[in-house]
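Read through the structure below, which is laid out as structure tokens, and then see the notes.
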Amino acid sequence: MQRLTALFSAALLATGLMATTAHAQQSQEPAQDSMTSQQAPAQDFSDDQLQQFADASQEIAVVSQEYTERLQAAEGEQAQQEVRSEANDEMIQIVEDSGLDVETFNAIGQAIQQDPEMMQRVQEMAKQS
């Protein structure tokens, strides 16, 4: 159980990188309300979406660990930024390959932090995959 919680924690931390990049890309749209990106949307997610989240989270946790080690070994701010950018791109690709978009992935991540029952469902899905 601790392994799964750590897995989702790593995935959620990793999504912070994606959210920062996504927000930076959207900053060109001045109509964007900054509060909407900070609140988890009140929506129901399908079992398929939750399964996609669970699968992507497992892959992201592995990538996150790999890039954390590379980040620690990187010397200088420029090298660290390159590692962060590469990690971010890879994690976004994992999410998109799972069938979710980054916004939905992050919304599910926020929702499971606030809903213990949903967290339990996603952990069960991760165990079975």
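Computed quantities for the displayed model
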quantity	calculated
Yes/no for Ser9 being within 22 Å of Met118 (Cβ to Cβ), in a helix (DSSP H, G or I), of a type in the set (Ser, Thr, Tyr) and at pLDDT 55 or above	yes
So Asp44, is it assigned to a loop (DSSP other than H, G, I, E, B) and not basic (Lys, Arg)	yes
Condition met for Ser57 (surrounded by 15 or more Cβ atoms within 10 Å (Cβ to Cβ), of a type in the set (Ser, Thr, Tyr) and touching a residue at least 40 places away in the same chain (Cβ under 8 Å))	yes
Members of the range 94-113 found to be β-branched (Val, Ile, Thr) and within 11 Å of the chain's Cα centre (by Cα), listed by number	Ile94, Val95, Val102, Thr104, Ile108
Residues located in the range 95-119, provided they are small (Gly, Ala, Ser) and either touching a Pro at 6+ places or on another chain (Cβ under 8 Å) or assigned to a helix (DSSP H, G or I) (or both)	Ala107, Gly109, Ala111
Meets criteria (in a helix (DSSP H, G or I), buried (at least 17 other Cβ atoms within 10 Å of the Cβ) and of a type in the set (Val, Ile, Thr)) for Val62	no
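The values are calculated or read from the model by the stated rules, or taken from the named source; none is laboratory data. What you see is a predicted model, and the numbers here were worked out from it, not measured in a lab. Here Cβ is always computed from backbone atoms with ideal geometry, including for glycine, and neighbour counts include all displayed protein chains.
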